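Nothing in this text is a laboratory measurement; each read-out follows from the coordinates by a stated rule. Remember, it's a predicted structure, so these values are computed and weren't measured experimentally. Positions of Cβ are generated from backbone atoms using ideal geometry, with glycine treated the same way; all protein chains shown enter the neighbour counts.
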């Protein structure tokens, strides 16, 4: 135990009364008030205040630790949500690419089917008109009719049909070329 000098006791008690300040810490346990009741009261009040201050600091420390745990948990949750959001965004972008490719393929298939129909109809018309005009020309030759007019008609029809068939094929190729997306 520590014996405190009288003038030190008086100074500690005066500071406590005037400024409401007391000694804190484990050193209070070493003070020996002896028979001095006033100093014993000072030491008891100082010990009680020290306990209260320690309790308050401990409470604040526990509160800060709890808040830190909550913040760490919230941060982990936030990071998980961000990861999930990025995964969902990537899935959405992948799905968008798939849908765009499917749409593009569907459009190309529809264009290809339409082109096929146009080409078939055009070929049947060309072949039909060619067969019809050739049949008329042959009939005129077999029946020994005047085939001058029929020959000219046959020649014009065949040349028009050839020109139109190439025009149709050129148009179809142009449409196909124009509808393709540029490769980057």
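Quick look at the numbers
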read-out	value
Cα long-axis angle, helix 148-179 against the chain (0 to 90 degrees, to the nearest 10)	10
In degrees, nearest ten, helix 6-19 long axis to first principal axis of the chain (Cα)	50
Residues in segment 45-70 that a label on residue 85 would reach, taking backbone N under 15 Å of a point 7 Å out along Cα→Cβ	none
Efficiency of FRET from Cβ geometry, residue 69 and residue 97, R₀ 35 Å, rounded to 0.05	0.25
Label-to-label distance, nm, for residues given as residue 116 and residue 158 (7 Å Cα→Cβ offset)	3.2
Helical mean residue ellipticity (222 nm; -39500 (n - 2.57) per DSSP H run of 4+; nearest 500) of the chain	-31000 deg cm²/dmol
Order of 112, 39 - criterion: other Cβ atoms within 10 Å of each residue's Cβ, fewest first	112, 39
Ratio of the Cα radius of gyration of the chain to 2.2 N^0.38 Å, where N counts its residues	3.32
Inter-probe distance in nm under a simple model that places probes 7 Å from Cα toward Cβ, at residue 127 and residue 37	13.3
Residue 169-residue 143 FRET efficiency (beta carbon distance; Förster radius 30 Å; 0.05 resolution)	0.25
Angle between the chain longest axis and helix 37-142 axis [Cα atoms, degrees, rounded to 10]	0
